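Beneath this line is the structure, given in structure tokens, with notes to follow.
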Amino acid sequence: MKLRSLFARWWAIGVGMALLAGCATTGPTSPADPFEPWNRAMYDVHQVVDGKIVKPVAQAYVDYAPKPIQQTIRNFFGNIDDVFSAITSLMSGKLDRAGNDMGRVIVNTLFGIGGMIDVASDGGIPKGDWDFGLAFGTWGFQQGPYLFVPLIGPTTVRDGSGLAVRFYLGPVGYVPDVPARNVLYGIDALDTRAEALSTESVIDQAALDRYTFIRRAYLQRRQYLLYEGKPPADKEEP
């Protein structure tokens, strides 16, 4: 069975378990987080696994892998993200954003050695950073309950569904050689975790309750992105 199929099934199971857990909870502290007891338990699991295994590996990668190699890896996967940003921007009717993203893909693929060099940014072409969750939001789908998924992090039902679609359709999933495909998945995940290391000191300094801080920051950022910097007051996370 392909890894992306396993991910889709795992995500469906996780959402179902969260829904079941939410049925037994009372008195949620935030309307956006009706499953808070379950989510906090999943956050604790994440902290243990990430702290013992994932974070040390990511830190070693940042400390010892040559910086040009790190940047090349980031550019390569960023070029793939630009493809999906162009697609989801078109789905959202954001033609200027889609045009910029497609321009980035063409320039970086042709002149950046398959996306390993970010020529487009040097040329002033902005990165769209649009995704399926935001596209679903422009179609009127609500965020749904907040969820914290171990090793993935904060999300919502809408954004998590978009992530599952992105994962399933990603080109890495079609690499026929299973070991090579899994290595690519691992490298992508490692680079993503390494990129997040720089934000942890901010959370540690700013938050008495890391879980609440992360939830609020995630939901506010997603609303900010969806409404392109101008979210209506009644849409802000309490």
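Computed from the coordinates by the stated procedures, all read-outs in this text should not be read as laboratory data. What you see is a predicted model, and the numbers here were worked out from it, not measured in a lab. No Cβ is skipped: glycine too gets one built from the backbone with ideal geometry, and neighbour counts run over all protein chains shown.
So here's what we get for this one:
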{"read-out": "Principal axis dimensions, largest first and in whole angstrom, of the chain by Cα", "value": "56, 41, 41"}
{"read-out": "Fraction of alpha-carbon pairs over 16 Å apart in the stretch 145-187 - percent", "value": "48"}
{"read-out": "Computed over the stretch 108-157, the ratio Rg/Rh where both radii use C-alpha atoms and Rh is Kirkwood", "value": "1.19"}
{"read-out": "Charge dipole magnitude, Cβ of K and R +1, D and E -1 - the stretch 113-238, Cα centre, debye nearest 20", "value": "340"}
{"read-out": "Lysine-lysine proximity count for the chain, Cα under 25 Å, sequence distance 8 or more or distinct chains", "value": "7"}
{"read-out": "Cut-off under 5 Å, modelled amide H: who pairs with Gln143 long-range", "value": "none"}
{"read-out": "Difference of contour (0.36 nm per residue) and Cα-Cα distance, Val175 to Met116", "value": "19.4 nm"}
{"read-out": "Cα-based convex hull volume of the stretch 161-238 per residue, rounded to whole Å³", "value": "132"}
{"read-out": "Kyte-Doolittle mean at least 1.0 and Cα axial length at least 20 Å: DSSP H helices in the chain", "value": "3-23"}
{"read-out": "Stretchable slack from Asp44 to Ala60, in nm (0.36 nm times residue separation minus alpha-carbon distance)", "value": "3.5 nm"}
{"read-out": "Electrostatic dipole magnitude of the chain [Cβ: Lys, Arg +1; Asp, Glu -1; Cα centre; debye, to 20]", "value": "400"}
